[in-house]
Amino acid sequence: MRTGESWYSGTADAIRQNLYLLERSNASYVLILSGDHIYRMDYAAMLQFHRDQGAELTIACMPVPLASASSFGIMSVDDSQRIREFTRSRKIQAHAGRSHRALASMGIYIFKHGSALS
């Protein structure tokens with residue numbers, strides 16, 4: 001609740017309201033996490049993958065059953081793991097090679113500083 005009289009309306013709003021902190025930062029990369037998620041995850045490994053790929057954006061994903069996929073942002077990726085589509089709808093495609101699962105965003109993002117945030 002940096003501006004206004006109400007709390008942040010989500011992760012994107014929190015980033016928008018605090019973008020000035022990122023803009024004056026000397027960081028090469030930005031890791032964005034939701035405050036209400038708890039994961040046991042090595043973010044250094046995700047950052048290394050991001051660097052190795054030369055990516056502007058990396059999104060952590062996990063397979064979920066198709067029956068619950070409409071509750072998530074779902075990725076379609078190609079053979080090189082590049083995101084080709086991000087959807088949040090009732091018509092969910094199965095993840096390649098897993099006909100009963102879809103690839104869901106975990107709400108964990110790494111940006112190359114200055115690329116996607118500007």
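The values are calculated or read from the model by the stated rules, or taken from the named source; none is laboratory data. The structure presented is a predicted model; accordingly, all values stated were derived computationally and were not measured. Quick reminder, even Gly has a Cβ in these numbers, built from the backbone with ideal geometry, and neighbours come from all protein chains shown.
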Query raised in the report: Right, SER70: touching a residue at least 24 places away in the same chain (Cβ under 8 Å) and either of a type outside the set (D, E, K, R) or within 19 Å of ILE32 (Cα to Cα) (or both) or not?
Result: no
Query raised in the report: Does ARG16 qualify as being among the charged types (D, E, K, R) and either in a loop (DSSP other than H, G, I, E, B) or modelled with pLDDT of 85 or more (or both)?
Result: no
